[in-house]
Amino acid sequence: MHGRLRGRFGQDMVIGWQRCARYGGDNLETEPPLDEAFETFRLRFYDGTSLRRETEVSGREWVYPVSLQTVDFSNGVTGQARLEIAQKSTTSQYGPALEIGLGG
């Protein structure tokens, strides 16, 4: 899986990712085929080793509103803040997680 913090919309974070093929490898010139009955991803937000929020989303972009950021990171989003994104499978639960740093 490939992902990044795409930027900010005001103070909200826009996070986007591209899934990888589960079977048969990736072709970087085309979108990998969806080998699942659905497309669901688990997002886990951490402050260091402390899990602050977990949510499941469908689609490959999510806006992390500043209202949730202030609840999850009361001292602000620091260099210890990170996100893990994992694709859900109908056969094997979640795949390997992609880790993205959130703080600066």
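The values are calculated or read from the model by the stated rules, or taken from the named source; none is laboratory data. Small disclaimer: the values here were computed from a predicted structure and weren't measured. Note that we place each Cβ from the backbone using ideal geometry, even for glycine, and neighbour counts take in every protein chain shown.
Looking at (1) closer than 19 Å to residue 17 by Cβ; (2) of a type outside the set (Asp, Glu); (3) exposed (fewer than 12 other Cβ atoms within 10 Å of the Cβ), which is the one condition that is false for residue 44?
The single condition residue 44 does not satisfy is (3).
I'd like the full set of residues that are touching a residue at least 60 places away in the same chain (Cβ under 8 Å), of a type in the set (S, T, N, Q) and closer than 17 Å to residue 53 by Cα, limited to segment 74-103.
Hit for segment 74-103 is 87, nothing else.
Taking segment 53-75 on its own, how many of its residues are over 13 Å from residue 14 (Cβ atoms) and in a loop (DSSP other than H, G, I, E, B)?
Residues in segment 53-75 being over 13 Å from residue 14 (Cβ atoms) and in a loop (DSSP other than H, G, I, E, B): 3 in total.
Please go through segment 39-70 and give me each residue that is aliphatic (A, V, I, L, M) and over 10 Å from the mean Cα position of the chain (by Cα), ordered by number.
51, 63, 66, 68
Which residues, taken from segment 48-64, are surrounded by 14 or more Cβ atoms within 10 Å (Cβ to Cβ) and either modelled with pLDDT of 95 or more or among the hydroxyl-bearing types (Ser, Thr, Tyr) (or both)?
52, 53, 64
Anything in segment 65-87 that is surrounded by 12 or more Cβ atoms within 10 Å (Cβ to Cβ) and within 16 Å of residue 101 (Cβ to Cβ)? List them, or say none. Reasoning before the result, please.
Our first condition is that a residue be surrounded by 12 or more Cβ atoms within 10 Å (Cβ to Cβ); within segment 65-87, this holds for 65-66, 68-70, 72-73, 77-78, 80-87.
Across segment 65-87, the qualifying residues are 69, 72, 73, 77, 78, 80, 81, 82, 83, 84, 85.
Take the conditions more than 15 Å from the chain's Cα centre (by Cα), at pLDDT 90 or above and not aromatic (Phe, Trp, Tyr) and apply them to residue 92. Does it pass?
no
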